[in-house]
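The structure under discussion is supplied below as structure tokens; questions concerning it will follow.
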């Protein structure tokens, strides 16, 4: 049992690093994911994750697999698309989902094209699916830093963020904090995606944000417990995913996301709040 | 009598199309004013303009006596996301925003106030329920509790009685008359003409422009109502630029 659960992390440094990285991604990303879900922006997160690619690719083109260049590139590209899509949606007849789709398709194609100019297929795989088993110190510090910033920012913005989701007109009537709060939240989303990009790659970066959030929705009725559950699901997915990958030799990033997917599916069926259970086990009606 | 609100040749709208057109007039302090008009008459738009959510396309809204923070606004219930997992208690507590702000704590005295507001609207025992589990009437009661906490001088209510039962309407009307007794200024958007005639002394009949404004029984005549409906049916996608300067 010890050999199976603890041994890999004791024995190998890369496993410990991967574990720390997954924990940090879980802590920062899962709460952001819950808010994305409640604001009906789940697919926005996904689109934004693709949108980061051309920025990271330009960074790669300039200085190879360099943490700093790819991070800065990713953040710049992420913000550009987040603001650009928002601007197009607000100032034209195109709805936000359509303008995001347009932006992210162009971004993804552009990113892969830029990569193909210089990199090999291995580099492309690395960037699309990440390398959670090869996190160096600098990357870990970056991911942990992003998690710290996320948690602190969410603590500060909690009140206006919640109010902006429930009753935006009321918030606008009592305070001017709505606009800046929305922007800060978009910034958090981009930062977390860039962090997750290093560990899980462009295509899976949203995985540890959205799947735990969606799973938590089936277990909790109030926001605080929902976020706690999402974080726990994300952390456990990280540990279990790494173990599965270690023992089976499967790729680590997809293993982590798949474990989160299993949690989601289980919650969908078993969760007490608004899941399938009420159809599967209807039970007799109550007195009041 | 001092003015709580002044509209000076006010035009509000969306995408350059006016929804409220060249409105001029004064709402005196302590007025209880019903705002009535057909769908699309600009009633909600007017409230959004007053509260500052929407900027005027032209003209101005002045409320020199009343600070922005002293305006309480009840949006139409459809504009609230009732699937969001927030409890009745937290929703009502938002009424303390002006005093607690972004970060301020909520004192024990304020907790008492929150509980008092919740029981004043008859929602004791519902504190821990999430708003998704409330009926339409209960939700509207919760929003009125939030208004109680806001303790504002100017209160704007956008169709507060839509699809409520008679008991809830009469409970909420009691609150409104209490506010009126406290010399607060209240604007209330309504569709029920009989209710307006029975409960509200003054009425603004709006159909983008003010059709009539004054004592309710003088305003809500068959002739005025017909005029209002005709004025609202004209929306021209290719409208010319409006050159009128004053109403």
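Where a number appears in this text, it was derived from the coordinates with a stated rule and is not lab data. Worth saying up front: this structure is predicted, and the values here are computed from it rather than measured. Glycine also receives a Cβ, built like all others from the backbone with ideal geometry; neighbour counts cover every protein chain displayed.
Using every Cα-Cα pair within segment B:73-170, state what percent have a distance larger than 24 Å. If you can, show how the numbers build up before the last one.
Working: 752 of 4753 pairs.
Tail of the P(r) past 24 Å holds 16 percent of the pairs.
Could you give me the radius of gyration and the Dmax of segment B:112-247, taking only the C-alpha atoms into account and expressing both in angstrom?
Cα-based Rg and Dmax for segment B:112-247 come out at 18.5, 57 Å.
Using a Gaussian network model of chain B with C-alpha springs under 10 Å, which one of B:138, B:217, B:150 is most mobile by mean-square fluctuation?
B:217
How many partner chain Cβ atoms sit within 10 Å of a residue's Cβ in peptide B:52-61, on average, as a whole number? Present the calculation step by step, with values, prior to reporting the outcome.
Numbers: counts 3, 7, 1, 0, 0, 0, 0, 0, 0, 0.
Rounded to a whole number, the mean comes out at 1.
Now for a different question. Could you work out how much longer the chain between residue B:162 and residue B:15 gets when fully extended? Use 0.36 nm per residue separation minus the Cα distance between them, nm to one decimal.
Details: separation 147, 0.36 × 147 = 52.92 nm, distance 2.80 nm.
Length difference between fully extended and current span is 50.1 nm.
How much mean residue ellipticity at 222 nm does chain B get from its helices, if each DSSP H run of length 4 or more adds -39500 (n - 2.57) and you divide by all residues, to the nearest 500 deg cm²/dmol? Please list the in-between numbers first.
Numbers: 9 runs with 85 residues, N = 247.
Computed ellipticity for chain B at 222 nm equals -10000 deg cm²/dmol.
Still on this structure, please answer the following. Can you put A:182, B:21, A:285, B:191 in order, fewest other beta carbons within 10 Å first?
Ranking A:182, B:21, A:285, B:191 by Cβ neighbours within 10 Å, fewest first, gives A:285, B:191, A:182, B:21.
P(r) tail for segment A:70-196, what percent of Cα pairs lie past 25 Å? List each step's numbers first, then the result.
Numbers: 3149 of 8001 pairs.
Within segment A:70-196, distances greater than 25 Å cover 39 percent of Cα pairs.
Looking at chain A as a GNM with Cα springs under 10 Å, which of A:89, A:101, A:187 has the largest mean-square fluctuation?
Top of the fluctuation ranking is A:89.
Which log10 I(q)/I(0) values does chain B give at q = 0.08, 0.17 Å⁻¹ under the Debye formula, counting every alpha carbon as one identical point scatterer?
Ignoring solvent entirely, the Cα scatterers give -0.32, -1.32.
Indicate, rounded to the nearest 5 percent, the antiparallel portion of the DSSP beta bridges found entirely in segment B:3-232. Don't jump to the answer; show the numbers that get you there.
Details: 19 of 37 bridges.
About 50 percent, rounded to the nearest 5.
Taking beta carbons within 10 Å but only from partner chains, what does the mean come to for residues B:94-104?
Numbers: counts 8, 2, 0, 9, 2, 0, 1, 5, 8, 6, 1.
For peptide B:94-104, the averaged partner shielding equals 4.
Here is a follow-up. Just need the relative contact order of chain A here, percent rounded to a whole number, with Cα pairs under 8 Å and 6+ apart.
Values: 420 pairs, mean separation 74.8, N = 288.
Result for chain A is 26 percent.
Under the √(5λ) rule applied to the eigenvalues of the Cα gyration tensor, what semi-axes describe the equivalent ellipsoid of segment A:2-270? Give them in Å, descending.
Working: eigenvalues 166, 119, 48 Å².
Taking √(5λ) for each eigenvalue gives 29, 24, 15 Å, largest first.
Additional query: Please list log₁₀ I(q)/I(0) at q = 0.06, 0.10, 0.11 Å⁻¹ for the protein assembly as shown, using the Debye equation with identical point scatterers on the alpha-carbon positions.
Treating every Cα as an identical point scatterer, log10 I(q)/I(0) equals -0.38, -0.91, -1.02.
Still on this structure, please answer the following. At a Förster radius of 22 Å, what calculated FRET efficiency corresponds to the Cβ-Cβ distance of residue A:152 and residue A:183, to the nearest 0.05? Please report the intermediate quantities before stating the final value.
Values: r = 17 Å, r/R0 = 0.75.
Approximately 0.85, to the nearest 0.05.
Further, regarding this structure: Given a Förster distance of 60 Å, report the FRET efficiency between residue A:4 and residue B:119 from their Cβ-Cβ distance, rounded to the nearest 0.05. Walk me through the numbers on the way to the answer.
Working: r = 57 Å, r/R0 = 0.94.
E between residue A:4 and residue B:119, to the nearest 0.05, is 0.60.
For helix B:166-181, what angle does its Cα long axis make with the longest principal axis of chain B, in degrees from 0 to 90 and rounded to 10?
Tilt relative to chain B: about 80 degrees.
Contact order normalised by length for segment B:3-232, with contacts defined as Cα pairs under 8 Å and 6 or more residues apart; what percent is it?
Numbers: 416 pairs, mean separation 66.6, N = 230.
After rounding, I find 29 percent.
What FRET efficiency comes out for residue A:42 versus residue B:215 if R0 is 56 angstrom and r is the Cβ-Cβ distance? Round to the nearest 0.05. All intermediate terms of the calculation are to be shown ahead of the outcome.
Numbers: r = 53 Å, r/R0 = 0.95.
Once rounded, the FRET efficiency stands at 0.60.
Which percent, nearest 5, of DSSP beta bridges in the protein assembly as shown are antiparallel? The partial results should precede the final answer.
Working: 19 of 37 bridges.
Counting DSSP beta bridges with both partners in the protein assembly as shown, the antiparallel share is about 50 percent.
So what is the relative contact order of segment A:213-259, in percent, for Cα pairs below 8 Å that sit 6 or more residues apart?
Result for segment A:213-259 is 28 percent.
Using only alpha-carbon positions, what ratio does the radius of gyration of segment A:163-279 give when scaled by 2.2 N^0.38 Å? Walk me through the numbers before you get to the answer.
Values: Rg = 16.9 Å, N = 117, 2.2 N^0.38 = 13.4 Å.
Computed over Cα atoms of segment A:163-279, the ratio equals 1.26.
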